[in-house]
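The values are calculated or read from the model by the stated rules, or taken from the named source; none is laboratory data. Everything numeric in this text was worked out from a predicted model, so none of it was measured. Using ideal geometry, Cβ is built from the backbone for each residue, glycine included, and neighbour counts are taken over all protein chains shown. All accessible areas refer to the heavy atoms of the entire protein, side chains included, with ligands and DNA or RNA removed. Shrake-Rupley method; radii C 1.70, N 1.55, O 1.52, S 1.80 Å.
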Amino acid sequence: MLASRVFSLVGRRSISTSLCLRAHGHGVVKAEDYTLPAYVDRRDVPLPEVAFVRDLSAQQQALKEKEKASWSALSVDEKVELYRIKFNETYAEMNKGTNEWKTILGGVFFFLGFTGIILIWQKHFMYGPIPHTFSEDWLSAQTKRMLDMRVNPVEGISAQWDFDKNEWKK
Amino acid sequence: ARGIQHTAVRQAHRKHEPTFHDKYGTTVLLGGVAMFSAVWSYVLTQLKIEWGFSPIGRITPSEWKE
């Protein structure tokens, strides 16, 4: 009655739109899935916020009813089914390794091999002939001259040559 | 009948489809290694690229004075 008094005093337009909407049940925004607590399979979250299966089938609902009674009445299969309703993967399934490393390593080797193909292309199409100073004759003469000069005698090339036996040190 | 249904649900849950890695992982690995070794053995030996290896232990010195 008080409300109708206010009504007549203030006029029809004063009732806010939101109040009208709420009266018809449109006032509340539907909660998006991502805003609700989520299930997660993680080693460090042993009891997730919600059960895995959200909408139970008739069978599962009957099982949930049976769960309310004594648990010793449940068969092993029923206990497993209850577990699977609550959880997605077991810890063993969660922690199981995969064969992903094979694909990764295979891919790595493949692309390294592709790099080699690039080198082949370069040698064939791009590089010119190597300088004559890399021929066998030149290298031998060059090496002898370096040894005669005693280049790097402490730890380098002359240190590796046995001047008495005239051969490389073993 | 109900037991069979239960079993079916369980098996559908437990038996996860083999992934790409399960099916082809070994093949990809071996194929990649084979391709890699083939290409690089060719590059290192047949291609006549000057790698600049040390003469130590490799080159026999020969007379340079004329």
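Couple of notes before you dig in:
- Angle in degrees between helix A:76-86 and the longest Cα principal axis of chain A, rounded to the nearest 10: 90
- FRET efficiency for A:Asp164 and B:Trp64, using Cβ-Cβ distance with R0 set to 22 Å, rounded to 0.05: 0.60
- Residues A:Arg43, A:Arg84 ordered from highest to lowest accessible area at a 1.4 Å probe: A:Arg43, A:Arg84.
- Note on B:Ile56 and A:Tyr91: with the Förster distance fixed at 35 Å, the Cβ-Cβ geometry gives a FRET efficiency of about 0.05.
- Accessible area ranking (1.4 Å probe, heavy atoms, ligands and nucleic acids excluded), largest first, for A:Ile104, B:Ile56, A:Ile85: A:Ile104, B:Ile56, A:Ile85.
- Computed on chain A, with alpha-carbon pairs under 8 angstrom and 6+ residues apart, the relative contact order is 11 percent.
- Accessible surface of A:Asp164, taken over heavy atoms with a 1.4 Å probe and every protein chain present, rounds to 140 Å².
- Across the protein chains, with a 1.4 Å probe defining accessible surface, the residues B:Arg58, A:Arg54 rank A:Arg54, B:Arg58 from largest area downward.
- Degrees between helix A:58-67 axis and first principal axis of chain A (Cα, 0 to 90, nearest 10): 80
- Of all lysines in the structure, those lying under 29 Å Cα to Cα from B:Lys48, and not within fewer than 8 positions of it along the same chain, are A:Lys123, A:Lys144, A:Lys169, A:Lys170, B:Lys65.
- Here the Gaussian network model covers chain A, with springs between Cα atoms less than 10 Å apart; of A:Phe87, A:Phe134, A:Phe114, A:Phe134 fluctuates the most.
- Highest mobility in the GNM of chain A, judged by mean-square fluctuation with C-alpha springs under 10 Å and restricted to A:Thr143, A:Thr90, A:Thr98, is found for A:Thr143.
- For the pair A:Val154 and A:Val29, label points projected 7 Å from Cα toward Cβ lie 7.6 nm apart.
- In degrees, nearest ten, helix A:100-125 long axis to first principal axis of chain A (Cα): 40
- Rounded to the nearest 10 Å², the accessible area of B:Lys65 at probe 1.4 Å: 130
- Scanning residues 5 or more positions from A:Trp161 or on other chains, those with amide H under 5 Å from its amide H are A:Lys169, with H placed 1.01 Å from N in the peptide plane.
- Spatial offset of segment A:21-70 relative to segment A:130-170 amounts to 81 Å, using the alpha carbon center of each.
- Check: chain A dipole with +1 on Lys, Arg Cβ and -1 on Asp, Glu Cβ, in debye: 1040
- The modelled label-to-label distance between A:Glu78 and B:Glu17, using points 7 Å beyond Cα along the C-beta direction, is 3.4 nm.
- Debye-sum result for chain A in log10 I(q)/I(0), which assumes one identical scatterer on each alpha carbon, at q = 0.10, 0.14 Å⁻¹: -0.82, -1.04
- Computed accessible area, B:His21, all protein chains, 1.4 angstrom probe, square angstrom: 50
- Shown in residue order for segment A:46-57 are the 3J(HN,Hα) couplings computed by the Karplus curve 6.51 cos²θ - 1.76 cosθ + 1.60 at θ = phi - 60°: x, 10, x, 5, 10, 6, 5, 8, 8, 9, 7, 6 Hz (x for Gly and Pro).
- Shielding by other protein chains, B:50-62, mean Cβ within 10 Å: 6
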